[in-house]
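A short write-up of the structure that comes next.
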Amino acid sequence: MATLSLDKVSKRFGETEVLHGIDLEIADQEFVVFVGPSGCGKSTLLRLIAGLEPISGGTLRVNDADMTRVPPARRDIAMVFQSYALYPHMDVYENMAFGVRILGLTKDEIDGRVHEAARMLQLEPLLKRKPRELSGGQRQRVAIGRAITRKPKVFLLDEPLSNLDAALRSQVRLEIARLHREIGGTMIYVTHDQIEAMTLADKIVVMNEGRIEQVGSPRELYETPANAFVGTFIGSPKMTLVTARREGRRFSLSDGGAIEADAPADAKGDVMLGMRPDALTLTRDRTAEGFEAETVYTEYLGNEAYAYVRLADGTMAAVAVPPNEDYGPDEPVRVQARSGMLHFFDPESGRRLRHGSLADERGDFNRVEQARR
Amino acid sequence: MTAVDASRNAAARERSGLGVFTQDALLQIFLIANTFIMLFPILVMVLNGFKTNAEIFSSPFALPNFQNLSNFEAIATGTSFVRYLFNSVLVTGLSIGFILILGTMAAYAIARYAFRGSGLLLLFFIAGLTVPLKLAIIPLFILMRDLGLLDTQFSLICVYTAMGLPSTVFIMTGFIRTLPRDLEDAARMDGASEFKIMRSVILPLARPAMVIAAIQNLVPIWNDFFFPLVFIQTESLKTLPQGLTTFMGEYNTNWGVLFAGLTLAAAPITLVYIVLSRQFINGMTSGAVK
Ligand SMILES: Nc1ncnc2c1ncn2[C@@H]1O[C@H](COP(=O)(O)OP(=O)(O)OP(=O)(O)O)[C@@H](O)[C@H]1O
Ligand SMILES: [Mg+2]
């Protein structure tokens, strides 16, 4: 049982503030994933929660108990490091038993816990090996095993899979999901990998430059990004952003054609359009309505294909195309939008503009405000 | 690869092989010669330990009769050799112990905790490397006298510890800085206290560096003649190098007994040295912290 609550948590290293007032609520048993570009402060936030770095401002509560100044040993939190950080001079058994020993359990209990974890992670044949005699995936499992033997309230994982190859990564990813179901516990997981974030998370926290941009389920983030940053950060290939001039239902690029779309009520004058690859279609018919563009290259992935085109204002846009259609380079084309699949952002602030009725808008707006706060 | 390529490569390999061979051979010859030069005096010392005075003067380099253990018997029964040996082991052992404990603790603090003046502290220790302690013998003597430590083994231990700390702190700080910080953080998350981290994580990993520090302090301390000569008067407190001089009489010296004594004095330190070097090499090859 553990809920976490961060209230205006900030972190300074000397003069530079790297986290600016983070507010975040994490429910019991929740699987939360932090994503964000490199250097945005994900690891730092995790280390603050762990207690490995002192918090410069704000409060951290675990189960309503103030943990802001409590040393890591008494927070009942376990952490899995990107570098695994296994003790090189101890064998697998000792690595996993180290923390439990400190809890002061009896020999039998220690033995029971280590074997339970080893069985769960299929480490039983390896208990007598030293870390250097293990493969990357095995080391990773030992690192996870070391975290679970202490039965902590909260697990922190900092890019735990980034040193593994692709095949192993998806396998260990599944194991982590299974572990979370089996042992429960609140998990906070840092990753660069969108697939990990989307598949594992109950809740994704998108961070940028020491701030939280949006908190929400994978679906919410993908379908209703709160701003242009989240829109481009979640989803692959990336969402294309162009600033277009609005005239009724028409959105036009200067000298670059126009598309038609249902626009949100508060979109005025210039609007930033967010276009995911699957919201766009290509046609070779140069008389058709749409943005004028030239193909640059296509990415063929078997079951899907993406054409990259250059719009009149120089923006590169990714467009999902049927895999059986071939586009050569430098073909003049028209880009059209599927109705209802575009995102609209304020060109200045990047904030999402809303569809639909005024009441809906208010509701949406409040949710987003809450997430931002 | 084409045939031409292959033959050209083979030729190149042969040429460089020959070069490497002559280079290797020269190196080997040099090393063997060096070994011989180093070992020869030691060999003479050991051999002459089995000879009488007369034999030593008539044929210093000849092989002795190894059954003749009278010199060793004389040492065991007629001198305080065993007492000196015990004193040397005590002083050297305690000094090395203090050097390693204090040096490692200081190095850990300097390497890992950010505190005001940590850089200055390291400089202070390193400055100790530049001061030859023997130059300070008179103030040291006065200090020991005022502290009432003259003519105790503790005076030696203090001086040796002070002598060994600078290089040890220097070596250990450098080494501990190379250990990944994540290991300590992991131990912290496992609930370990700072002392437990030091003892269970840092110390075992720092062992190769501690062995280096021990090796490089061991021989000078064991062999030191100067400080015992100045500080120690009591016969029963003397260390080996100092004690062995009593074997040299003013008018006649029993060289056989002296050589036997030297052999016995050098034996333990040589053994320890060999064991430690092996430890050290093991540590180097199996280190692989990542
Ligand atoms: N000990 C430190 N001293 C000074 N600045 C630091 C320190 N640790 C981190 N920073 C700074 O804090 C910012 C956030 O770093 P952090 O490691 O949290 O990023 P991250 O989001 O985990 O990045 P990545 O995805 O590359 O791991 C960076 O700008 C970094 O330079
Ligand atoms: Mg990081």
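The values are calculated or read from the model by the stated rules, or taken from the named source; none is laboratory data. All figures in this text were calculated on a predicted structure; none of them were measured in a lab. In this analysis, Cβ positions are derived from the backbone assuming ideal geometry, glycine residues included, and neighbour counts consider all displayed protein chains. Protein only, heavy atoms only, side chains kept; ligands, DNA and RNA dropped before computing areas. Shrake-Rupley method; radii C 1.70, N 1.55, O 1.52, S 1.80 Å.
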Stretch gain in nm, segment A:ALA166-A:THR232, where the contour uses 0.36 nm per residue and the Cα spacing is subtracted: 21.4 nm
Calculated FRET efficiency for the pair B:SER193/A:SER339, C-beta based, R₀ 60 Å, to 0.05: 0.40
Stokes-Einstein diffusion coefficient of the range A:179-240, Kirkwood radius over Cα pairs, 20 °C, 1.002 mPa s, in µm²/s: 173
Fraction of accessible area attributable to carbon and sulfur, the range A:4-223 (%, probe 1.4 Å): 48
Area of B:PHE72 that stays accessible when all protein chains are in place (1.4 Å probe, Å², to 10): 40
Cα-based Rg / Dmax (Å) for the protein assembly as shown: 37.1, 122
The range A:228-372 shape via C-alpha gyration tensor axes, a/c threshold 1.5: prolate
Separation of the A:ASP278 and A:ASP28 label points, Cα + 7 Å toward Cβ, nm: 3.6
Inter-chain Cβ neighbour average for residues A:75-81, partner chain, 10 Å: 3
Computed lengthening from B:LEU121 to B:ILE101, 0.36 nm per intervening residue step minus Cα-Cα distance: 5.5 nm
Computed E for B:LEU27/B:SER277 - FRET, C-beta separation, R0 22 angstrom, nearest 0.05: 0.60
A:ARG250 paired with A:LYS128, simple spin-label distance in nm, labels 7 Å along Cα-to-beta-carbon: 8.1
FRET efficiency for A:THR68 and A:ASP313, using Cβ-Cβ distance with R0 set to 56 Å, rounded to 0.05: 0.70
A:HIS89 - accessible surface, heavy atoms, 1.4 Å probe, Å² rounded to 10: 60
Accessible surface of A:TYR222 - all protein chains present, 1.4 Å probe, nearest 10 Å²: 80
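Determine the sum of side-chain charges near A:ALA117: Lys and Arg each +1, Asp and Glu each -1, restricted to other residues whose C-beta is under 12 angstrom from that of A:ALA117.
Charge balance near A:ALA117 sits at +2.
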Amide H contacts under 5 Å for A:GLN214, placed H, 5+ residues apart: A:VAL206
B/A buried area, accessible surface, summed, 1.4 Å probe, Å²: 1800
Per-selection Kirkwood Rh - chain A (Cα, Å, 1 d.p.): 23.1
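What do you reckon, how do B:CYS158, A:CYS40 stack up by accessible area (1.4 Å probe), largest on top?
B:CYS158, A:CYS40
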Radius of gyration and maximum dimension Dmax of the range A:4-223, Cα, Å: 17.2, 52
Candidate residues B:TRP222, B:TRP255: accessible-area rank, largest first, probe 1.4 Å: B:TRP255, B:TRP222
Rounded tilt (10° steps) of A:358-372 against the dominant C-alpha axis of chain A: 40
Length gained when the stretch B:ASN34-B:ASN53 is fully extended (0.36 nm per residue, less Cα-Cα span): 3.9 nm
Per residue, in Å², the accessible surface of chain B once ligands and nucleic acids are set aside, probe 1.4 Å: 57
Paramagnetic reach from A:ASP7 in the range A:65-85 [backbone N under 15 Å; point 7 Å along Cα→Cβ]: A:65-69
Lysine pairs in chain A with Cα atoms under 29 Å, if 8 or more residues apart or on separate chains: 24
Radius of gyration and Dmax over the Cα atoms of chain B, both given in Å: 25.4, 85
Heavy-atom accessible area order for A:LYS268, B:LYS238, largest first, 1.4 Å probe: A:LYS268, B:LYS238
